[in-house]
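Here the structure comes first, spelled out in structure tokens, and everything after it is commentary.
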Amino acid sequence: MLSRLIDAADGCERSFSFAGGEVEDRVLFFLDHSAPAAAILREAAVSLGLPETLLEAWEKARPGADAIGLALRLDGSSVRLYTQYWEVLAARLRQGDPAEMPLYAGFKALPDGSNRIDRYIAQPMAPREAFMPPLRAALRGLGIDPMALEQALRPLNAETCIFTRTEAPDRSSWLATLRRAPLDPGAVAAMLAPLGTEPRLPALAACARGAPLIHVAGGEDAVKGPFTTLYFEITPEEARAALTPLAG
């Protein structure tokens, strides 16, 4: 089942979420939205124990989505389905409509046994003064050098950083998508150098040394408390290797 998901994925990611002295390690898969892709994700989610109520909510949210995804915590304690509405948002912006709208939605079975649906509300053309303060604070909290941070993230602006906020009774957070920004890989690796020598987390160290950094998230929720999450692009082979212990 996991092998089929890896083979079908149009993109693979690995995320590391820092909270309370622990690091949550997840692998994520994203597929262009189609009926066959939805069937693959549905099968995977059911086999991984996603509750039927979340699966039904995800199914209702799929119309209008251009991409769909699944995230799995590597200890097996959390499964999440996602929808993305980038094409709808882009079409609205082309028509001159800058109104906020959901860009992503997450349907999450959490480690404590609770369920939650998060809607990531895009703030189109958010200026640097909106996204850089939380981004700086989150990365500095991981021991990142301020000068290296400013150098690496200098290309971010209202057009190259996609910024969302999630507000819910159990969560207040933000997500900065960097994949469209012309970040210099060497500058990003230099910024993340403190994480590239972490002996307890070789997967994080490997990603920090060279994998593309595509999202940074932060905030606070009822399960994890304050957190910062880094998302890296990985290859299908790297995803397969990460999931091998779980599959076994």
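The values are calculated or read from the model by the stated rules, or taken from the named source; none is laboratory data. Note that the coordinates shown come from a computational prediction; the quantities given were computed from them, not determined experimentally. Here the Cβ positions follow ideal geometry from the backbone for every residue, glycine too, while neighbour counts run over all protein chains shown. Quick note on the areas: whole protein, heavy atoms, side chains included, nothing else; ligands and nucleic acids left out. Shrake-Rupley method; radii C 1.70, N 1.55, O 1.52, S 1.80 Å.
Annotation note: of Leu243, Leu213, the sole residue that is open to solvent by less than 10 Å² (accessible area, probe 1.4 Å) and touching a residue at least 12 places away in the same chain (Cβ under 8 Å) is Leu243. Scanning segment 108-123 for residues that are more than 22 Å from Ile68 (Cβ to Cβ) and out of contact with any Phe, Trp or Tyr (no Cβ under 6 Å at 6 or more places or on another chain) yields Pro111, Asp112, Gly113, Ser114.
Is segment 126-144 home to any residue that is more than 26 Å from Asp97 (Cα to Cα) and acidic (Asp, Glu)? Scanning segment 126-144, I find no residue that is more than 26 Å from Asp97 (Cα to Cα) and acidic (Asp, Glu), so the answer is no. Of everything in segment 82-107 that's more than 14 Å from Asp66 (Cα to Cα) and at pLDDT 95 or above, which residue is surrounded by the most Cβ atoms within 10 Å (Cβ to Cβ)? Only one residue tops the list, namely Phe107. The set of residues in segment 37-58 that are open to solvent by 30 Å² or more (accessible area, probe 1.4 Å) and touching a residue at least 12 places away in the same chain (Cβ under 8 Å) comprises Arg42, Glu43, Ser47, Leu48, Gly49, Pro51, Thr53.
Specify which of the listed residues (Asp32, Asp66) is open to solvent by less than 60 Å² (accessible area, probe 1.4 Å) and over 19 Å from Phe232 (Cβ atoms). Please lay out each step first, then the result.
Details: Asp32 fails: open to solvent by less than 60 Å² (accessible area, probe 1.4 Å).
The match here is Asp66.
Residues in segment 121-148 that are under 14 Å from Cys161 (Cβ atoms) and part of a strand (DSSP E or B): Ala122 only.
With the condition kept exactly as written, say whether any residue in segment 162-174 is open to solvent by less than 20 Å² (accessible area, probe 1.4 Å) and free of Cβ contacts under 8 Å to residues at least 40 places away in the same chain. No, there is no match, as no residue in segment 162-174 is open to solvent by less than 20 Å² (accessible area, probe 1.4 Å) and free of Cβ contacts under 8 Å to residues at least 40 places away in the same chain.
Out of everything in segment 125-153 that is in contact (Cβ under 8 Å) with a residue 24 or more places away in the chain and open to solvent by 70 Å² or more (accessible area, probe 1.4 Å), what residue ends up being nearest to Arg92 (Cα to Cα)? Give the derivation first.
Filtering segment 125-153 down to residues in contact (Cβ under 8 Å) with a residue 24 or more places away in the chain leaves 125-128, 130-132, 134-135, 137-139, 141-145, 148-149, 151-153.
Among the residues that remain, those that are also open to solvent by 70 Å² or more (accessible area, probe 1.4 Å) are: 125, 128, 145, 151.
Working: Met125: 13, Arg128: 22, Asp145: 38, Gln151: 33 Å.
Step by step, filter segment 125-153, then rank; the result is Met125.
State whether the residues of segment 83-99 include one that is in contact with a Gly (Cβ under 9 Å, 6 or more places away or on another chain), within 20 Å of Thr166 (Cα to Cα), of a type in the set (A, V, I, L, M, F, W, C) and in contact (Cβ under 8 Å) with a residue 40 or more places away in the chain. Within segment 83-99, not a single residue is in contact with a Gly (Cβ under 9 Å, 6 or more places away or on another chain), within 20 Å of Thr166 (Cα to Cα), of a type in the set (A, V, I, L, M, F, W, C) and in contact (Cβ under 8 Å) with a residue 40 or more places away in the chain.
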